[in-house]
Amino acid sequence: FLLFTGLSNKNISNQQQKLLSLSLSSSSSLFATPLNTVQVSSSTIAATRTIANKNESSKQSQEIIKSFLNEMNKLQSNKEIDKNVMKYFDENVEFIDTAFYNPIQGKDNLLRHFLLFRNSDVTALSLQNNMKKKQQQKRGARALGDVKRNIVIDDIVSGLDTYDDETKNENQQQQDIVCVQYHVEQIDGGIIPDTLGMTFYTLCGNKIIRVFDVLEPPSPKPGDAGLKLLNNASKILKLLNLDNANDDDSNVVSSTKQNMAEKEFQAWNERKMTKISEYYTDDCIYKDLQYPNVFNGKETVKNHYDNVATCLPNSFRFKIDSMVTMPTSSSAGFLPNFFPLPNNNKGEKIGLQWHVESNGQVLPFTRGLSIYTTDNTNNLIQTAVSIPEPAVIKPGIFNLISNQFKNEPSRIIPAFIWIMYMYIVFFSDGILPGANALTLEQRTWEEVRDLSLNFFLVSPVLNLPFAPTVHPMLEGVFNLLLAWAGLFAGFLSDERKDKPNILPFGPIVIGMQFLTSAFLLPYLALRTSEVDFDDSDNERSIVYREDISGSIQPLVSEWKPLAPFLGSVGISSIVWAFIARPEFGNLNERYASFCDLLSIDRVGSSFLVDLAIFALFQGSFVDDDMKRRGVKSDEMVLLKNVAKYVPFFGLACYLNFRPVLPSKDE
């Protein structure tokens, strides 16, 4: 038929026409019309070319996704993510990782997501960590994030979205769907448990514009536990008279046009379980990743659906969001990795994205992906795999934090101190003097106001009319603490495009001017560490000022007067505490009155706690800061030790004498 309709193409050569004429004339019994009188409609030609274009686009999209996953498997550094991986995504890409509550919008936010979760086992698309061997040996293989892994494709379905294709505007650019089923293996062999997942990619103009990714739940599998929860929800719905069947199956097409997956969905929504079993082969294999075992045979599948239907309310309906189909033989070589099929299977493969509704309302956390395979004889379902998204409690951020503490147990120290600090300073009674923050004591708020007006001693030094009178030692401690908190701005290079943190460091530094250790400690517990390099590594990553996140942060972090200025504020605060405001008496008298004040003052006593915490943790950034400045572990040892062990002044000295970060313009 393609040869026949191709004769009307004016671009076909004369030689090709002669060959086609000979071929067709040899089958005169098939064609009663002479060759030179054949008339072919323009619509037929257009349809033929459209089919060819769709098939070519589908293959191209499939190759793009394979290439993308191949690049993910080859990653060895954070900068390779930006260079080799992000090129596959559109600037306005939407990335839905069902391990998290909110979708990731935009290419820049997606890069941050990949970098943050690269060492996590949250999702296979974010967990690649193929570090060089010497880096692995230095860190030690202590968690899944320290094992070299590869994403392995089990199955793939590609083509146009059936639902979008029917409603798409003619002027809208064509969008292809690629549905991938995968698992993760160690690079030296061996499947990593609980890493089976599915991803729906939407491509437009050879760029990925949308990703929907779901990973199987960890073992032990929830099984019927989730159904029991829904069963309880069903009882509540009945009490509220909300459990009424809804026959709205608006997204299901006429039965004459339905494929087997659509028929199964419609039968389930109609609660016709016997009919569902008729759509499966006798030796079918069904894998619901909520359960640890595979369901073999149509009777077992029917029993499973009966169990699910018993637990779910009658108002629940499964709705198809996107669907893509293709012949089974088009992806030969992938499916046998998961479900072995006969070599002569030429049935259909169907990829689905779906969600659950109740009385027309979309239920949260009920989305999922499925892949069906039909046989080549009766077109019945031979294999099916379904993965629902995690419900209610999303493991994403929690798994990342857990892995961070597992890989670096020292993070427990600032985390524990932060918990104790928050309780003791803000909520406890009797441990520190004064009333807790929940009492909203007027004297406390007046004291905070007066200290804030005397920020950096500007108001009292200039003798401004609104400058309040505060105990000079309390003023000295307060302003020394704020100058110390300001010195941490010298480490703003800790937040970069290729080294994001769960808590952005810029807002943390600002917050430290108000609540000091309440902001510093959680950041220390959750910050991303710099990549370890051997001293002999010639491929050391260079950090430039322009790499620092934000427009103001690079100027502040590398501003040379920062340390001298804040150091002078610290010295002035100490001098002020001892000699300012002579009405407070000599050193012994003002010290005694200061102790009396602290005995009843929660604010002042908490300042002393903050000073102790700053002294303990001020060196936490030094080693990483030296790494990004190209300083080896055995270089500038004295400056490092001064920064770590001399409170306040050691940190100011370090910021003043450390090597500067280079600029790309220099």
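The values are calculated or read from the model by the stated rules, or taken from the named source; none is laboratory data. Here the structure is a predicted model, which is why all the values come from computation and not from measurement. Because the Cβ atoms are built from the backbone with ideal geometry, glycine has one as well, and the counts that use them run over all protein chains shown. The area values use the complete protein model at the heavy-atom level, side chains included, leaving out ligands, DNA and RNA. Shrake-Rupley method; radii C 1.70, N 1.55, O 1.52, S 1.80 Å.
Please go through the residue pairs LYS74/LYS287; LYS79/LYS627; LYS83/LYS664; LYS83/LYS499 and name each one whose alpha carbons sit more than 22 Å apart in this structure. Present the calculation step by step, with values, prior to reporting the outcome.
Details: LYS74/LYS287 30 Å; LYS79/LYS627 16 Å; LYS83/LYS664 18 Å; LYS83/LYS499 15 Å.
Check vs 22 Å cut-off fails for LYS74/LYS287.
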Amide H to amide H under 5 Å from THR366: which residues, 5+ apart in sequence or cross-chain, H placed 1.01 Å off N in plane? VAL356
Which ³J(HN,Hα) values, rounded to whole Hz and listed in residue order, are derived for the stretch 209-224 from phi using the Karplus coefficients 6.51, -1.76 and 1.60 in 6.51 cos²θ - 1.76 cosθ + 1.60 with θ = phi - 60°, glycine and proline given as x? 9, 7, 9, 10, 10, 9, 10, 4, x, x, 7, x, 5, x, x, 6
Within the stretch 463-492: backbone nitrogen closer than 15 Å to the TYR591 label point (7 Å, Cα to C-beta): 473-474
Accessible area per residue, Å², the stretch 440-490 with all protein chains present, probe 1.4 Å: 43
If I stretch the segment between ASN379 and SER551 completely, what's the gain in nm (0.36 nm per residue apart, minus their alpha carbon distance), one decimal? 55.9 nm
For LYS497, list long-range residues whose amide hydrogen, built 1.01 Å from N in the peptide plane, is under 5 Å from its own amide hydrogen. SER549
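Which of the chymotrypsin sites (Phe, Trp or Tyr not before Pro) found in the stretch 451-501 are in a DSSP loop and have at most 12 neighbouring Cβ atoms, other than their own, within 10 Å?
Values: sites: PHE455, PHE456, PHE466, PHE478, TRP484, PHE488, PHE491; in loops: PHE466.
Within the stretch 451-501, the qualifying chymotrypsin sites (Phe, Trp or Tyr not before Pro) (loop, at most 12 other Cβ atoms within 10 Å) are PHE466.
Rounded to the nearest 0.05, what FRET efficiency do ALA309 and GLN105 give with R0 = 51 Å and r taken as the Cβ-Cβ distance? Could you check?
Details: r = 37 Å, r/R0 = 0.72.
Computed FRET efficiency for ALA309 and GLN105: 0.90.
Could you sort ILE387, ILE153 by their accessible area in this structure, using a 1.4 Å probe and putting the largest first?
Details: ILE387 0, ILE153 20 Å².
The residues order as ILE153, ILE387, largest area first.
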Going by amide H atoms built from the backbone, whose H comes under 5 Å of the H on CYS284, apart from near neighbours? GLY297, LYS298
Accessible carbon and sulfur surface of the stretch 477-536 relative to its total accessible area, %, 1.4 Å: 73
Which residues does a label at CYS653 reach in the stretch 477-505, if reach means a backbone N under 20 Å from a point 7 Å past the Cα toward the Cβ? 480-481, 483-491
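Counting only heavy atoms of the protein chains, get the accessible area per residue of the stretch 517-666 (1.4 Å probe) and round it to a whole Å² value. Intermediate values should be presented prior to the final figure.
Numbers: 7270 Å² over 150 residues.
Normalised by residue count, the accessible surface of the stretch 517-666 is 48 Å².
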